[in-house]
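What follows draws every value from the coordinates through simple rules; no lab data is involved. Small disclaimer: the values here were computed from a predicted structure and weren't measured. Because the Cβ atoms are built from the backbone with ideal geometry, glycine has one as well, and the counts that use them run over all protein chains shown.
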Amino acid sequence: MAGRALPGFGLSIGVTLAWLGLIVLIPLAALALKPWELGAAGIWAVLTQERVAAALRLSFGAALLAALASLPVGLLLAWVITRYRFAGRKLLDALVDLPFALPTAVAGLALTALFATNGWFGEPLAAWFGWRIAYTPAGVAVALFFVALPFVVRTVEPVLRDLAADAEEAAATLGATRAQTVLRVILPALAPALLTGFGLGFARAVGEYGSVIFIAGNMPMVSEIAPLLIVVQLEQFNYAAAAAIGLAMLLLSFALLLALAGLRLALRRNAA
């Protein structure tokens, strides 16, 4: 019998599946089973509470808004970092990764200080436009944008680096304007990466906790996010209700990510 190209495959796959089960499958199974202690009627009663519905709407709505806003900004940052050489480019490149390295609680405190009514950004926004960011749903969206943006940049950046300039040059030779080249040549090539970055940013934002609780204000029915509501239920030892809210978030996130995966596959087939 010929030897395997990868020796120890059986042991390796066994260890991999064991760790996958311990850290992913078993916790997900527990999350899926725990709410049924309440029964179907009990789960429905928990999820249809006005406070729970408001928290879910805010978490998913703000995460979608933040992920959508990160698309053009992330694309612009990736384009600048990839296509131009200027003083401070490496610093800008390093700052993109700041949300990855910064503790979420520290990020929340910093954002609150910046966007409070006496902060560097919050004071002029309140004085000139009458906008209040901190302790409102807008503050939640700002915090989620902060954590979602790097995913778009880092997903699009390697695709931009590998994107050959031949197609752009051919479009210019055929008389296409720069806008036509971007819309018809560059963006279609970047669409799968943009969708991937959007999905990663959304998935990261929808479950964000540390950077949101300080700037949100955590007012029930106004600026209370679903992860905080889960913590509140756990502190009250209402584990089944907390698991029901978590299961609802899991299913909604999975449905959206599955739709994005289907759209990404359709775009790749169309490109092929």
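Listed values, structure above:
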read-out: Label point distance in nm, Leu109-Ala127, each placed 7 Å from Cα along Cα→Cβ; value: 2.7
read-out: Per-residue [θ]222 nm for the chain (sum of -39500 (n - 2.57) over DSSP H runs n ≥ 4, rounded to 500); value: -23500 deg cm²/dmol
read-out: Theoretical gain in end-to-end length, Tyr84 to Trp19 [0.36 nm per residue, Cα-Cα removed]; value: 19.1 nm
read-out: Net dipole in debye of the chain [+1 Lys, Arg Cβ; -1 Asp, Glu Cβ; about Cα centre; nearest 20]; value: 540
read-out: Fewest-first ranking of Phe151, Phe60, Phe86, using other Cβ atoms within 10 Å as the exposure measure; value: Phe86, Phe60, Phe151
read-out: Contour excess over end-to-end distance, with Cα ends at Arg51 and Leu68 and 0.36 nm allotted per residue; value: 3.6 nm
read-out: Among Pro99, Pro150, Pro124, residue whose mean-square fluctuation peaks in a GNM of the chain (springs only between Cα atoms under 10 Å); value: Pro124
read-out: Of Val156, Ala110, Leu58, farthest towards positive along the dipole that unit charges on Lys, Arg, Asp, Glu beta carbons give segment 47-178; value: Ala110
read-out: Label of the coordinate-derived value, Cα Rg over 2.2 N^0.38 Å, listed as (i) 1.21; (ii) 1.30; (iii) 1.26; value: (i)
read-out: Sorted by Cβ density within 10 Å, fewest first, the residues Thr104, Thr117, Thr48; value: Thr48, Thr117, Thr104
read-out: Residues Leu250 and Leu11, FRET efficiency given R0 of 45 Å [Cβ-Cβ distance, rounded to 0.05]; value: 0.90
read-out: Approximate spin-label separation Ala32-Asp97, in nm, with each point projected 7 Å along Cα-to-Cβ; value: 3.6
read-out: Taking Lys90, Lys34 and counting other C-beta atoms within 10 Å, the order from fewest to most; value: Lys90, Lys34
read-out: Principal axis dimensions, segment 135-271 - Cα atoms, whole angstrom, descending; value: 67, 30, 22
read-out: Neighbourhood net charge (11 Å Cβ-Cβ; Lys/Arg +1, Asp/Glu -1) for Glu168; value: +1
read-out: Square roots of five times the Cα gyration tensor eigenvalues for segment 1-125, Å; value: 38, 33, 14
read-out: Stretchable slack from Ala41 to Arg184, in nm (0.36 nm times residue separation minus alpha-carbon distance); value: 46.4 nm
